[in-house]
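Here's the structure, in structure tokens; my notes come after.
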Amino acid sequence: MWEGRKIDTKNDFSKGSVVKNIVSLAIPMTAAQLINVLYNIVDRLYIARIPKNATLAMTGLGLCLPIISIITAFANLFGMGGSPLSSIERGRGNDEEAEKIMGNSFFMLLICGVVLTTVGFLWKEPLLFLFGASEETFPYADKYLTIYLCGSIFVMTGLGMNSFINAQGFGKTGMMTVLLGAIMNLILDPIFIFGFDMGVQGAALATVISQFVSSVWILLFLTGKRTILRLRVSNFRLKVERVKNIISLGMSAFIMAVTNGLVQIVCNATLQQYGGDLYVGIMTVVNSIREVVSMPVSGVTHSAQPVMGYNYGAKKYKRVWQAIKFTSISCIGYTSVIWGILFLFPEFFISLFNQDAVLIEKAVVCVHTYFFGFFMMSLQFSGQCTFVGLGRSRYAMFFSTLRKVVIVIPLTLLLPKVAGLGTMGVFLAEPISNFIGGTACFVTMLLTVGKEMRGEKSA
């Protein structure tokens, strides 16, 4: 159940072991990340097993991912923008301003949810064809997206406001939020997809209902007496400077999600040109694998942000540096191990999302290429985590843009034309960006933030 308000003193991240503080959040938050990933991919697991046209249905769902990424981006903009700011204010002892930040973030999520739903319905058909749909895959994409858009406001409030639960140190409650929706989705998916023979429409309906339940749970907690910071209608009144600060810090997470969507669009369109529906389907599988294996990294980095922010607000800079070291080392170690596992057993991961023998055979080399040097991705995550946690919005925005927009997208368009690489050029763009972007982000973090935190003279 919900942790009580008495935990307020326990959630003082300026006391006790830094590693223990991060791990105490990381365990439930990583579990929540895993559950959230399963939440997102369970539709794909079931759709891959539809008796007829499973590959076309899976590819159609993959075409919706860029739009889903854009919706997620706006949830990140206000959720991951507001929650670190509220952590910093809590560290300063200013709970009143922390609550106002949360209220402004929630109101902006509602406004954007309505706008995105309207725009999505007006532009979905031309967008799907722009993203690489064919006459065969469009019907599946259209059916899924039509229902998903109806619940986009629940997706945004659920993802965005759960960040405020985690930022206060209520990791278990945050995990339960995601678990509740995931269990419902897991139960409803087979009922709607197979029982009612709704196919991709059933998958979308199950997701919408599950997200609605999760968002209701979040609002009940944040408006109740057991939370440290309470969501109040009086704090919905927007203040320009406050909203500007939220957007400024959230822009990094926003750019990362939007550029993920843009990369998916460019990848799908380029793969459609050079390899057709088969390779668009392979990219959907590869993206699904990436979501699964990246989950612990996201869990640790998101757990470290409130600890970094709180201690930074409390001017406990040595503790901030301890959090940076632990986060970086654990992420690099994990991604190095995962790289080896993916190299040795790619068929296992591919077969989770598609049973087609031809696709599995073609996808093996794609997985090897895409995940080459996967540990370099953790450098980007660690650097971004630090910049966001400490409110360094300019650095966070710059490196979010650098890796995806400046490196990945141009390479995705150019490499297929080089030396007859074709579809392999698309999959090669990711590891190149990880090496260049990850190194640049991490080294800059060490030379700026790291130097400042290590230079503290007092505890």
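The values are calculated or read from the model by the stated rules, or taken from the named source; none is laboratory data. As the structure is a prediction and not an experimental result, all values here were calculated from the model. We place every Cβ from the backbone using ideal geometry, glycine too, and count neighbours over all the protein chains shown. Note: accessible area is taken over every heavy atom of the protein model, side chains too, but ligands, DNA and RNA are not part of it. Shrake-Rupley method; radii C 1.70, N 1.55, O 1.52, S 1.80 Å.
At-a-glance table
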item	result
Leading residue by the ranking (surrounded by the most Cβ atoms within 10 Å (Cβ to Cβ)) among those in region 200-233 that are outside any helix (DSSP H, G or I) and among the β-branched types (V, I, T)	T227
Conditions (1) touching a Phe, Trp or Tyr at 6+ places or on another chain (Cβ under 7 Å); (2) open to solvent by less than 10 Å² (accessible area, probe 1.4 Å); number of the one not met by V293	(1)
Residue ID - modelled with the lowest pLDDT, chosen from residues in region 419-457 that are among the aliphatic types (A, V, I, L, M) and open to solvent by 70 Å² or more (accessible area, probe 1.4 Å)	A419
Meets criteria (at pLDDT 70 or above, over 17 Å from K172 (Cβ atoms), surrounded by fewer than 24 Cβ atoms within 10 Å (Cβ to Cβ) and in contact with a Phe, Trp or Tyr (Cβ under 6 Å, 6 or more places away or on another chain)) for R44	yes
Test result for S87, within 22 Å of the chain's Cα centre (by Cα) and modelled with pLDDT under 90	yes
Of the criteria (1) under 30 Å from C267 (Cβ atoms); (2) among the β-branched types (V, I, T); (3) at pLDDT below 65, which one T9 fails	(1)
Qualifying residue in region 73-81 (condition: of a type outside the set (D, E), surrounded by fewer than 20 Cβ atoms within 10 Å (Cβ to Cβ), modelled with pLDDT of 75 or more and assigned to a helix (DSSP H, G or I))	no
